[in-house]
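J.: Next up is a structure, given as structure tokens.
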Amino acid sequence: MRFHNSRSIPSGFTIKACTVRKRQNDWYVSVRIEDKSVPEYSPKALGNNPKVIGCDLGLTKLVHLSDGYQIENPRFSTNKKAKRTLKIRQRRVSRKTKGSKNRKKAAIKVSRFHQKIGDKRQAYQWKTANKIVSRSIDAIALEDLNISGMMRRCKVKSDEKTGRFLKNGQSRKKGLNRAISDAGWGDLGLKIEYLAAKQGKIVIKVNPKHSSQECRNCGHIDQENRDEEKFICVECGYHEHADIGAAKTIRDRALRMVRGPGRETWC
């Protein structure tokens, strides 16, 4: 069949696999090629004083870096305009007769809108990953998040006497799950790992437990230390931006993993 050769295969490469996909607007062909003469990327060895940057993923801002830099979260599918457009187009589908051609046409418009949002998110994530990896650093510390566990449904609660279901907070958590899905933390992490490997840099996965509740001055951990984006330690009074402080804590934990326990950390 005829196809548009958008990217020609360079000479010297061997075709290993070919995948044909149908997306909302057309068919696409992905070709996997290999050239054994190209050397593999090997990470650089970390010295005694490696430059590590910590990344704290969020929803208000997409990424908070330990050097104070913050990357915006565009909210491609959860912003006001996108939600209104999606609501109108889904309503048009529901009003059409089932099985009709007009209903299929309306459904195609909905799917194309979802594809447009996905393409925007992918492009923005590549730019974000490139901003982080292109810095003059040796390693990148990322949160080792259990995203599927964070988006899991709340446990069902029921009254023992009547057997009726009680409120379990799922209606509120549904909005949080949509925001997490829209942010695409998992895909962003994979892109950072890919670009870091190409530049010979190391990605360190760190346990983020209590990273935003731990005081960087006295080490006191308390849920009351954090008030949205503000961090004020109830023990010693130390204060800073909560998410940037969490990024610094993630960076320090990565440094401990590299250097070993008992070594000094950065301020």
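The values are calculated or read from the model by the stated rules, or taken from the named source; none is laboratory data. This structure is a prediction, so every number in the text was calculated from the model and none was measured. Reconstructed Cβ throughout: ideal geometry from the backbone, glycine too, with neighbour counts over all protein chains shown.
J.: Considering each residue of region 142-187, count those that are more than 20 Å from Asn73 (Cβ to Cβ) and not in a helix (DSSP H, G or I), and give that number.
T.: Number satisfying all stated conditions: 20.
J.: Another question, then. Return the only residue of Asn49, Asn25 being among the polar types (S, T, N, Q) and without any contact (Cβ under 8 Å) to a residue 24 or more places away in the chain.
T.: Asn49
J.: Scan region 143-192 for residues that are among the acidic types (Asp, Glu) and within 12 Å of the chain's Cα centre (by Cα) and jot them down.
T.: Glu143, Asp144, Asp182, Asp187
J.: Now, a different point. For region 138-171, which positions are touching a Lys or Arg at 6+ places or on another chain (Cβ under 7 Å) and of a type outside the set (A, V, I, L, M, F, W, C)?
T.: Across region 138-171, the qualifying residues are Asp138, Asp144, Ser158, Asn168, Gln170.
J.: Can you name the residue in region 253-267 that is assigned to a loop (DSSP other than H, G, I, E, B) and of a type outside the set (Val, Ile, Thr) and is also modelled with the highest pLDDT among such residues?
T.: Initial filter on region 253-267 (assigned to a loop (DSSP other than H, G, I, E, B)): 260-267.
From what is left, the residues that are of a type outside the set (Val, Ile, Thr) are 260-264, 266-267.
Working: Gly260: 67, Pro261: 57, Gly262: 50, Arg263: 49, Glu264: 45, Trp266: 45, Cys267: 43.
Across region 253-267, the extreme among qualifying residues is Gly260.
J.: Would you be able to tell me the number of residues in region 152-180 that are surrounded by 14 or more Cβ atoms within 10 Å (Cβ to Cβ) and either over 26 Å from Thr249 (Cα atoms) or free of Cβ contacts under 8 Å to residues at least 40 places away in the same chain (or both)?
T.: Residues that pass the stated criteria total 4.
J.: Tell me the residue from Phe231, Phe165 that is over 19 Å from His64 (Cα atoms) and among the aromatic types (Phe, Trp, Tyr), please.
T.: So the residue among Phe231, Phe165 that is over 19 Å from His64 (Cα atoms) and among the aromatic types (Phe, Trp, Tyr) is Phe165.
J.: For region 104-128: of the residues being in contact (Cβ under 8 Å) with a residue 40 or more places away in the chain and charged (D, E, K, R), which is surrounded by the most Cβ atoms within 10 Å (Cβ to Cβ)?
T.: Arg121
J.: Those residues that are among the aromatic types (Phe, Trp, Tyr) and at pLDDT below 90, I need them from region 112-168; list them, please.
T.: Within region 112-168, Phe165 is the sole residue that qualifies.
J.: Of all residues in region 59-88, count the ones that are in contact with a His (Cβ under 9 Å, 6 or more places away or on another chain) and farther than 16 Å from Lys131 by Cα.
T.: Of the residues in region 59-88, 2 are in contact with a His (Cβ under 9 Å, 6 or more places away or on another chain) and farther than 16 Å from Lys131 by Cα.
J.: Have a look at Thr14, Thr19 and point out the one that is out of contact with any Ser or Thr (no Cβ under 7 Å at 6 or more places or on another chain) and hydroxyl-bearing (Ser, Thr, Tyr).
T.: Working: Thr19 fails: out of contact with any Ser or Thr (no Cβ under 7 Å at 6 or more places or on another chain).
The unique qualifying residue is Thr14.
J.: How many of the residues making up region 5-48 are surrounded by 10 or more Cβ atoms within 10 Å (Cβ to Cβ), out of contact with any His (no Cβ under 8 Å at 6 or more places or on another chain) and not in a strand (DSSP E or B)?
T.: Number of matching residues: 10.
J.: Give me the residue from region 195-252 that is part of a helix (DSSP H, G or I) and loosely packed, with under 12 Cβ neighbours inside 10 Å and, out of that set, modelled with the highest pLDDT.
T.: So the residue we want is Lys198.
J.: Only one of these is assigned to a loop (DSSP other than H, G, I, E, B), touching a helix residue (DSSP H, G or I) at 6+ places or on another chain (Cβ under 8 Å), β-branched (Val, Ile, Thr) and more than 30 Å from Ile9 (Cβ to Cβ): Thr97, Thr85. Name it.
T.: The conditions single out Thr97.
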